Amino acid sequence: QVQLVESGGGLVQPGGSLTLSCAHSGGIFQVYTMNWHRQAPGKERELVATITPFSTTNYADSVKGRFAISRDNTKNTVFLQMNSLKPEDTAVYYCDAAFGTSVYWGQGTQVTVSS
């Protein structure tokens, strides 16, 4: 069974940076498309960034140019580098691993952008 564990969330001032990590275990990491989603209070969960097994990336318009997703297949880990953070980036961030019809989710990590 695939397990995902996110880390790296916290409190940061506007304009600051954070890097989230998502450690993958229990499967063959290299075959999974990895995604970062986020969910703010009172809002629906939204897709933030995607990286395919071939390291093709895609981003939501709201984070383009500020966030960068990457993966390290030797460490079975996906990262989300977040720069120029805004208060509206405040949310619980979740990673998920997708392969075929199977999707696995982590437990989430809180990111709060506030002065």
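The values are calculated or read from the model by the stated rules, or taken from the named source; none is laboratory data. This structure is a prediction, so every number in the text was calculated from the model and none was measured. Cβ coordinates were reconstructed from backbone atoms using ideal geometry, including for glycine residues, and neighbour counts include every protein chain displayed. Just the protein is used for accessible areas: all its heavy atoms, side chains included, with ligands, DNA and RNA removed. Shrake-Rupley method; radii C 1.70, N 1.55, O 1.52, S 1.80 Å.
What is segment 54-102's relative contact order, in percent, from Cα pairs under 8 angstrom and six or more apart in sequence?
Normalised by residue count, the contact order of segment 54-102 is 25 percent.
Given a 1.4 angstrom probe, I'd like the percentage of the accessible area of segment 10-78 that is carbon and sulfur, rounded to a whole number.
Answer for segment 10-78: carbon and sulfur cover 51 percent of the accessible area.
Just to confirm a number: summing +1 for Lys and Arg and -1 for Asp and Glu over residues other than Val92 whose beta-carbon lies under 11 angstrom from that of Val92, what do you get?
+2
Need one value: the accessible area of Asp72 in square angstrom, 1.4 angstrom probe, rounded to the nearest 10.
40
Under a point-charge model restricted to the Cβ atoms of Lys and Arg (+1) and Asp and Glu (-1), what is the dipole moment magnitude of segment 46-115 relative to its Cα centre, in debye to the nearest 20?
180
How many Å² of accessible area per residue for segment 35-114, probe 1.4 Å?
Per residue, segment 35-114 has an accessible area of 52 Å².
Between beta-carbons, use under 13 Å as the cut-off and find the net charge around Pro14, counting Lys and Arg +1, Asp and Glu -1.
After counting each charged neighbour, the total is 0.
Once Lys and Arg get +1 and Asp and Glu get -1 on their Cβ, which of Gly27, Met82, Thr109 lies farthest toward the positive end of the dipole of the chain?
It is Met82.
Convert each backbone phi in segment 9-23 into a coupling constant with the Karplus relation 6.51 cos²θ - 1.76 cosθ + 1.60 (shift: θ = phi - 60°), then list the ³J(HN,Hα) values in order as whole Hz, x for Gly and Pro.
x, x, 9, 9, 7, x, x, x, 10, 8, 10, 8, 10, 9, 8
Using the Karplus curve 6.51 cos²θ - 1.76 cosθ + 1.60 with θ = phi - 60°, work out ³J(HN,Hα) for each residue of segment 78-95 in order, rounded to whole Hz, and write x for Gly and Pro.
After applying 6.51 cos²θ - 1.76 cosθ + 1.60, I find 10, 10, 10, 7, 10, 10, 6, 5, 10, x, 6, 7, 4, 4, 8, 9, 10, 9 Hz.
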